[in-house]
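*Asks:* Okay, handing you the structure first.
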Amino acid sequence: MRVGIVGSGSMGWAHARAWHTLGVELAVHSRNWEEATRLASLWDARVSPDLDSLLAEVDVVDVCLPTFLHRETAERAARAGCHVVCEKPLALAVEDAEAMFAACDAAGVRLFVAMVLRFFPQYRAARELVRAGQIGEPRVLRLKRVGSPPHGGTSWFGDEARSGGVILDLMLHDIDYALWTLGEAERVYARSTTAGAHQYAQAVLTHRSGASCLIEAGWAYPDGLFRTGIDLAGTSGLIEWSSDAAPPVQTFHPQKRGEQQAVALPAVSPGTDPFVLELGAVLAALKEDRPFEVTPGEALGALRTAFAIRESARTGRAVTLGVEA
Ligand SMILES: NC(=O)c1ccc[n+]([C@@H]2O[C@H](COP(=O)([O-])OP(=O)(O)OC[C@H]3O[C@@H](n4cnc5c(N)ncnc54)[C@H](O)[C@@H]3O)[C@@H](O)[C@H]2O)c1
């Protein structure tokens, strides 16, 4: 399998390392030639001078570009007959994302949406505990993801028209996780605040199951700080994990006094690197012609929910999903 990465920034770098671990033949194209050359020498890749030459020599194109460039690049890749992996958020409008899926369908190639959170061992472990009935019916979920503004707040990330802002770009990880774990949301309510490049948002999702989820996402902290966490309470127990302490995923059972279980997390290794797991799942789906972890419907559902949350933050009013405007 020959893979061509487009973009050599933070995600181009993370994907190159993972593809290299997976042993694929790798090429890279980026606007930043110097950065692409460094990436290529470290991860044993060829550098393509332009997108067309990359498209001509690979089977899979991995779009690691700023979000506002995803649609046109994915459509060009599909027209060239390449399967497409695309970083999240897929696009800056649901219609653009739908058009990307349609272009890939028309060209007979697949589109994989890279939602890497699904491949983080702690997040998977928490969801598996829920599915195994370890906390009864899940009722109340809190997710947190906060750090500093990307690239010090000076890049395209700070422009909502090009990145989607903190809700579409950062909160989307946890929105997808909440929907994956608790099912569809029927109503969302959000608040956000902005001070220059600093943004902080909070959203409450009411799921059709009756469960509720609070998500916090922030680009508001000093450089170097990045915190994530999960608290998930069910009818018979609680799951807890926090990046501050990085303990095992814990479950607590109030009815069974004193009973507490810890799900040990595997040590970080190529076998547990979320990017290796994610892109390895792409390869397996292609080789074995089977579904990928993130279905098109799920990818679009997470985007629709993120846009509803952004709309609620803008208007200050709750937004009901599933009612087309
Ligand atoms: N999955 C995650 O955890 C995660 C984390 C960060 C970013 N992302 C997403 O990944 C995507 C890329 O983000 P990033 O942090 O790597 O951005 P970045 O700004 O670090 O890198 C973008 C790269 O694209 C190159 N580029 C820009 N315009 C180009 C063009 N027209 N042609 C070729 N190359 C061009 C730049 O030179 C740079 O190498 C975004 O959609 C972002 O939202 C996902």
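*Asks:* Could you list all residues from the stretch 93-125 that are more than 12 Å from the ligand (Cβ to nearest atom) and either assigned to a loop (DSSP other than H, G, I, E, B) or among the acidic types (Asp, Glu) (or both)?
*Replies:* Ala93, Glu95, Asp96, Glu98, Asp105, Gly108, Val109, Arg110
*Asks:* Identify the residue in the stretch 33-43 that is surrounded by 12 or more Cβ atoms within 10 Å (Cβ to Cβ) and among the charged types (D, E, K, R) and, among all such residues, is farthest from the ligand (Cβ to nearest atom).
*Replies:* By that ranking, first place goes to Arg38.
*Asks:* Could I ask something else about it? Can you tell me which residue among His151, His173 is at pLDDT below 95 and either part of a helix (DSSP H, G or I) or surrounded by 23 or more Cβ atoms within 10 Å (Cβ to Cβ) (or both)?
*Replies:* None of the others qualify; the one that does is His151.
*Asks:* Any residue that is farther than 29 Å from Glu98 by Cα and buried (at least 24 other Cβ atoms within 10 Å of the Cβ) - is there at least one of those in the stretch 59-69?
*Replies:* no
*Asks:* Which residue, of Glu35, Glu75, is more than 21 Å from the chain's Cα centre (by Cα) and either closer than 20 Å to Trp156 by Cα or not in a loop (DSSP other than H, G, I, E, B) (or both)?
*Replies:* Residue meeting the stated conditions: Glu35.
*Asks:* When you go through Ala125, Ala132 one by one, which is the residue that is in contact (Cβ under 8 Å) with a residue 40 or more places away in the chain, at negative phi, in the same structural domain as Leu238 (by TED's automatic domain parsing) and hydrophobic (A, V, I, L, M, F, W, C)?
*Replies:* Ala125
*Asks:* In the stretch 65-77, is there at least one residue being under 24 Å from Ala281 (Cα atoms), more than 9 Å from the ligand (Cβ to nearest atom) and in contact with a strand residue (DSSP E or B) (Cβ under 6 Å, 6 or more places away or on another chain)?
*Replies:* yes
*Asks:* Something else now. If you check every pair at least six apart or on different chains, which have Cβ atoms under 6 Å apart with a residue in the stretch 8-28 that is under 22 Å from Pro150 (Cβ atoms) and assigned to a helix (DSSP H, G or I) first and a residue that is within 9 Å of the ligand (Cβ to nearest atom) and aromatic (Phe, Trp, Tyr) second?
*Replies:* If the second residue must be within 9 Å of the ligand (Cβ to nearest atom) and aromatic (Phe, Trp, Tyr), the pairs left are Ala14/Phe275; Ala18/Phe275.
*Asks:* List pairs: first residue in the stretch 53-71 and within 20 Å of Val24 (Cα to Cα), second residue modelled with pLDDT under 95 and more than 10 Å from the ligand (Cβ to nearest atom) anywhere in the structure, Cβ distance under 9 angstrom, at least six positions apart or on different chains.
*Replies:* Val58/Met1; Asp59/Met1; Val60/Met1
*Asks:* Give me a count of the residues in the stretch 1-23 that are more than 10 Å from the ligand (Cβ to nearest atom) and within 12 Å of Val276 (Cα to Cα).
*Replies:* Here the count works out to 8.
*Asks:* Just to be sure, is Val85 within 12 Å of the ligand (Cβ to nearest atom) and β-branched (Val, Ile, Thr)?
*Replies:* yes
*Asks:* Looking at the stretch 51-64 only, could you name the residues that are farther than 9 Å from Ile5 by Cβ and within 10 Å of the ligand (Cβ to nearest atom)?
*Replies:* Passing the criteria: only Leu51.
*Asks:* Specify which of the listed residues (Val140, Val94, Val85) is outside the structural domain of Leu168 (by TED's automatic domain parsing), β-branched (Val, Ile, Thr) and either surrounded by fewer than 16 Cβ atoms within 10 Å (Cβ to Cβ) or free of Cβ contacts under 8 Å to residues at least 24 places away in the same chain (or both).
*Replies:* Just a single option satisfies the conditions, and that option is Val94.
*Asks:* Out of all the residues in the stretch 105-123, which are small (Gly, Ala, Ser) and over 12 Å from Phe275 (Cβ atoms)?
*Replies:* Ala106, Ala107, Gly108
Residue-wise test of (1) among the β-branched types (Val, Ile, Thr); (2) closer than 23 Å to Ala125 by Cα; (3) within 16 Å of the ligand (Cβ to nearest atom).
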{"residue": "Ala161", "(1), (2), (3)": "no, no, yes"}
{"residue": "Leu168", "(1), (2), (3)": "no, no, yes"}
{"residue": "Met171", "(1), (2), (3)": "no, yes, yes"}
{"residue": "Ile175", "(1), (2), (3)": "yes, yes, yes"}
{"residue": "Ala178", "(1), (2), (3)": "no, yes, no"}
{"residue": "Ala185", "(1), (2), (3)": "no, yes, no"}
{"residue": "Thr194", "(1), (2), (3)": "yes, no, no"}
{"residue": "Ala201", "(1), (2), (3)": "no, no, yes"}
{"residue": "Leu205", "(1), (2), (3)": "no, yes, no"}
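The values are calculated or read from the model by the stated rules, or taken from the named source; none is laboratory data. None of these values were measured; they are calculated from a predicted model. Every residue, glycine among them, receives a Cβ derived from its backbone with ideal geometry; neighbour counts consider all protein chains shown.
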